[in-house]
Structure formats: structure tokens, C-alpha cells
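Single-structure report; data block below.
Every number here is computed from the coordinates shown, using simple stated rules; none is lab data. What you are looking at is a predicted structure, and each value in this text was computed from that prediction instead of being measured. In this analysis, Cβ positions are derived from the backbone assuming ideal geometry, glycine residues included, and neighbour counts consider all displayed protein chains.
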Amino acid sequence: MSKIVKTDEQWLEQLGPEAFKVTRKKGTEYPGTGKFLNHSEKGLYVCTCCQAPLFTFDSKFNAHCGWPAFDQSIDGAVEYIKDHSNGMTRIEILCTNCDSHLGHIFDDGPTETGKRYCVNSLSLSFIPS
């Protein structure tokens, strides 16, 4: 499957300035402000850019970190890239389908996976079940 590729102008028109800054320019929304932070409805979290399925509702947990957190992604949905920005070494997570910046993954999750996918709400859309 080939990746979805658009110009910055096309993404900006589709997403608006806030979601564009996060998803296409690797920005971060302010902690505690995302619409999916305390969201608990059953359904599927998908990429806001391309609607590719990323996370299921049952992988979401409250990490008390200021952003929605998941303990696993849907198989093959996320790419992992070393990120050395802002004086830190982290693992950035991207949508496999369109390279949208989602957030970062950490090895401090409280569930049996030990993972915490820390995701910007602006990177996600939600489809209720």
C-alpha cells in the first residue's frame, strides 16, 4: 500500500491550522486540553488526517500525563522513529498510512504491555461502535 501524500497547502486546508501544526509539523497540544483526554466511549480512534484505524477504546487508559494514552496500537498502524528534538531522546509515533505525527511512546505504562502511547487529541478522530 502506498502512503497518502499531499502538499502542505492541501493538508492545511483539510485540517485547519491547529491540527496541521501538530500532525504535519510535529507540534504538541497543551497538556490537559485535548478532547480525547478523558474520553471513554466505546469505539475506534483513527488518524485525523487519513482515517486509518490506530487504537481501540479498550487500549486507552488514564496515564495522568495530560494527553490521551494507549497501551498498544492496532498491528501495523504505527511507525516508530527516533526523535532527538528538544534536547531529549524519545520514540516518535507516526501513522503508517500518511506519516501524521501522533505523539511519542514510552516504556512506563502501567498495563501488561508496559507501553504508554502518549497521543495528541488533534492527531485523532473517533468512530463510535
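Rounded to the nearest 500, what is the chain's calculated 222 nm mean residue ellipticity when only DSSP H runs of at least 4 contribute -39500 (n - 2.57) each, over all residues? Spell out each step's value before the answer.
Working: 2 runs with 17 residues, N = 129.
Mean residue ellipticity, 222 nm, calculated: -3500 deg cm²/dmol.
Shown for ILE127, ILE91, ILE105: other C-beta atoms within 10 Å of each C-beta, ranked fewest to most, produce the order ILE127, ILE91, ILE105. The peptide list 33-40, 95-102, 6-13, 73-80, put in order of mean Cβ contacts within 10 Å with the highest first, becomes 95-102, 73-80, 33-40, 6-13.
Cross-link partners of LYS42 among aspartates and glutamates, defined as those whose alpha carbon lies under 15 angstrom from its own and excluding same-chain residues fewer than eight positions apart: ASP58. Phi angles of region 48-61 translate, via the Karplus equation with coefficients 6.51, -1.76, 1.60 and θ = phi - 60°, into HN-Hα couplings of 5, 7, 10, 6, 5, x, 10, 9, 9, 4, 7, 9, 7, 8 Hz per residue; Gly and Pro are given as x.
Straight-line cross-link reach from LYS25 at under 13 Å between alpha-carbon atoms covers these aspartates and glutamates, not counting any fewer than eight positions away in the same chain: ASP8, GLU9, GLU92, ASP99.
Charge tally around PHE57: other residues with Cβ under 13 Å, Lys/Arg +1 each, Asp/Glu -1 each, net -1. In straight-distance terms, cross-link reach from LYS21 covers every one of the lysines whose alpha-carbon lies under 18 Å from its own, apart from those fewer than eight places away in the same chain; here that gives LYS6, LYS35. Largest first, the extents of the alpha carbon coordinates of the chain on the three principal axes equal 40, 40, 31 Å.
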